[in-house]
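The values are calculated or read from the model by the stated rules, or taken from the named source; none is laboratory data. Since this is a predicted model, take the numbers as computed values, not measurements. Neighbour counts run over all protein chains shown; Cβ positions are idealised from the backbone, glycine included. Note: areas computed on protein heavy atoms with side chains; ligands, DNA, RNA excluded. Shrake-Rupley method; radii C 1.70, N 1.55, O 1.52, S 1.80 Å.
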Amino acid sequence: MRVFLFLTLFFGYVFAVNVDDVRNWDQIGQYNRICQESVRNLFIEEQNEALANTYAKACLKMDRVNELVVPMVMLYKTKETRENASLYSTIVFQKKMLYLALCDGVDISYIRTPKINYILSEIFDKFVEKTYTKKGDAYVFTLDDGEKAELFIKEEEGVKKMVVAIYAGEKLSSIKIYW
């Protein structure tokens, strides 16, 4: 039993994530390694705003918008971090309002939010401005960069998910799924 406890503690220490690991992953663009529970636990434990912000940016790059909630609550000490928290909360709000409009038919055309350089934000703006065409149950948008995007709801295992399919020309270039 002692050997098991020792090995557990030893491997926990050896494989623990630290701030330098996160900085290195950020520099080389390994955002999937940053947007993990271990990093979230680290910035919460250390109350490290810089790390919380790095985590939020990485999760945003991975389109894991729901993960923005924890860091945006922590980002309040400086003007810069409060601005970032505001941007993250705007993206979460836009996602929730689009989901509400698509799933429940709620009119959100009166809502205006700040312009943010993020695909979901661009689609939100175009949706509330009604600059789209309908194709069956999908909303088709022409994005600012000339690409096309489709927004629709897909149900998987009883959960309605919001899907954004992005096309470069006629070819599907990426799919983003939110719920």
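Key figures for this structure:
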{"item": "On Cα atoms only, tilt of 119-128 relative to the major axis of the chain in degrees", "result": "30"}
{"item": "5 angstrom amide H check on K161, placed H, neighbours 5+ away", "result": "K154, E155, E156"}
{"item": "Net dipole in debye of segment 18-89 [+1 Lys, Arg Cβ; -1 Asp, Glu Cβ; about Cα centre; nearest 20]", "result": "200"}
{"item": "Signed unit charges on C-beta, dipole axis of the chain, positive-most listed residue Q47, G136, P71", "result": "G136"}
{"item": "Farthest toward positive dipole pole in segment 5-154 [+1 Lys/Arg, -1 Asp/Glu at C-beta], among S121, F152, N24", "result": "F152"}
{"item": "Distance from segment 112-170 to segment 44-70 (C-alpha centre basis), Å", "result": "24"}
{"item": "Cysteines not pairable in the chain (beta carbon separation under 4.7 Å absent)", "result": "C103"}
{"item": "Reported label for calculated Rg and Dmax of the Cα atoms in Å given [x] 22.5, 86; [y] 19.4, 66; [z] 17.6, 66", "result": "[y]"}
{"item": "Accessible solvent surface per residue of segment 69-179, calculated while the other protein chains remain in place, 1.4 angstrom probe, Å²", "result": "58"}
{"item": "Accessible surface of the chain, 1.4 Å probe, proportion on carbon and sulfur as whole %", "result": "55"}
{"item": "Heavy atoms of E80: accessible area, 1.4 Å probe, square angstrom to 10", "result": "120"}
{"item": "Charge dipole (debye, nearest 20) of segment 93-179; +1 at Cβ of Lys and Arg, -1 at Cβ of Asp and Glu", "result": "100"}
{"item": "By accessible area with a 1.4 Å probe, ligands and nucleic acids excluded, highest first: order of F93, F152", "result": "F93, F152"}
{"item": "Candidate residues E147, E129: accessible-area rank, largest first, probe 1.4 Å", "result": "E129, E147"}
{"item": "Range of Cα positions in segment 106-173 per principal axis (Å), largest first", "result": "34, 31, 21"}
{"item": "In sequence order, calculated HN-Hα J values of segment 68-79 (Karplus, 6.51, -1.76, 1.60; Hz; x Gly/Pro)", "result": "6, 4, 5, x, 5, 6, 7, 8, 9, 7, 10, 4"}
